[in-house]
Amino acid sequence: MVNSKDCKMTAGGHIPFRMEDFTPEEVATRARATLERWNARRSVRFFQDTPVSVEIIDALIATAGTAPSGANKQPWTFCAVSDPDLKRRIREAAEAEEKAFYSGRAPKAWLEDLAPIGTDWEKPFLETAPWLIVVFKHVQDVRPDGEIRKNYYVSESVGIACGLLIAAIHEAGLATLTHTPSPMNFLQELLHRPAHEKPYLLLPVGYAASDATVPDITRKALDEIRVAFPPRG
Ligand SMILES: Cc1cc2nc3c(=O)[nH]c(=O)nc-3n(C[C@H](O)[C@H](O)[C@H](O)COP(=O)(O)O)c2cc1C
């Protein structure tokens, strides 16, 4: 392994870090395989009610907790809900918000953008999926002694953690949906979260229904999302 000239010890102490050394060919194979696996990821809105163990859900959440975060503040809480009565109450509250959204609150352009996805106010998956993971972001850092400190890049950090959560769910062979009932404040109350935690995303997790369908939509091509320096011919 080549040591970097830029590697400096700083206050606080560092520990050695080693990664497995892969050849460039192995890296290329791994990168292609990752793309292939990830191209198969879709947002799923139809679930089986087949149970998923609490150990599996804990492993998925622990993976999300490995995310980088601004100043290592880890400004997130993941509520794992499998209680049928609580799922029903979350569904009722979400559908009340979604009904208001789809029948007037949403701007016309937003509804036009949503049309190809085919969503409406009804959210049966909030009860069918065996688990709901509700993610909260910590807008402030409240220490055990009550001292309040700033958190940094909270939305970026929690967004990355949710990306890792979605990745872990997909890699495990389960399905999920990034769901954002708008507004989501009811989740803070139903899940008894403190004032400095704000609801961020709601992810149903489970096996996809055997007859699940997904919108027939396309992803942007690499040329549309990547700008190369120097330019490619
Ligand atoms: C921040 C965010 C919020 C979303 N909110 C919803 C939602 O409330 N309901 C829903 O059905 N899909 C929601 N989606 C899923 C998108 O519709 C979906 O990711 C997009 O159509 C692309 O489809 P794919 O995930 O299958 O590739 C959301 C996605 C993101 C990233």
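Data table
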{"read-out": "Cleavage-rule hits (trypsin sites (Lys or Arg not before Pro)) in the range 11-64: DSSP loop, at most 11 neighbouring Cβ within 10 angstrom", "value": "18"}
{"read-out": "Length-normalised contact order of the range 44-209 in % [C-alpha pairs under 8 Å, at least 6 apart]", "value": "38 percent"}
{"read-out": "The range 44-209: Lys pairs at Cα distance under 19 angstrom, eight or more positions apart or on different chains", "value": "11"}
{"read-out": "Angle in degrees between helix 84-100 and the longest Cα principal axis of the chain, rounded to the nearest 10", "value": "80 degrees"}
{"read-out": "Exposure proxy ranking, count of Cβ atoms within 10 Å, fewest first, for 191, 202", "value": "191, 202"}
{"read-out": "Exposure proxy ranking, count of Cβ atoms within 10 Å, fewest first, for 210, 43", "value": "210, 43"}
{"read-out": "Given charges at beta-carbon only (K, R positive; D, E negative), |dipole| of the range 88-135 in Debye", "value": "160 debye"}
{"read-out": "Segment residue 112-residue 226, length gained on full extension (0.36 nm per residue, minus Cα span)", "value": "38.3 nm"}
{"read-out": "Degrees between helix 154-172 axis and first principal axis of the chain (Cα, 0 to 90, nearest 10)", "value": "80 degrees"}
{"read-out": "Sequence-distant residues sharing a close amide H with residue 48 (under 5 Å, placed H)", "value": "207, 208, 209"}
{"read-out": "Of 80, 14, 52, farthest towards positive along the dipole that unit charges on Lys, Arg, Asp, Glu beta carbons give the chain", "value": "14"}
{"read-out": "Residues 110, 121, sorted so that the one with the fewest Cβ neighbours within 10 Å comes first", "value": "110, 121"}
{"read-out": "For the chain: rounded, prolate or oblate by the Cα gyration tensor [a/c cutoff 1.5]", "value": "oblate"}
{"read-out": "Coarse-grained scattering of the range 92-174 at q = 0.25 Å⁻¹, given as base-10 log I(q)/I(0) from a Debye sum over alpha-carbon atoms", "value": "-1.12"}
{"read-out": "Cα-based helix-to-principal-axis angle, 24-39 vs the chain, degrees rounded to 10", "value": "10 degrees"}
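Quick note: the coordinates plus some simple rules give every number you see, no bench work behind them. Just so it is clear, the model here is predicted, and its values are computed rather than measured. Methodologically, a virtual Cβ is constructed for each residue, glycine included, from the backbone with ideal geometry; neighbour enumeration extends over all protein chains shown.
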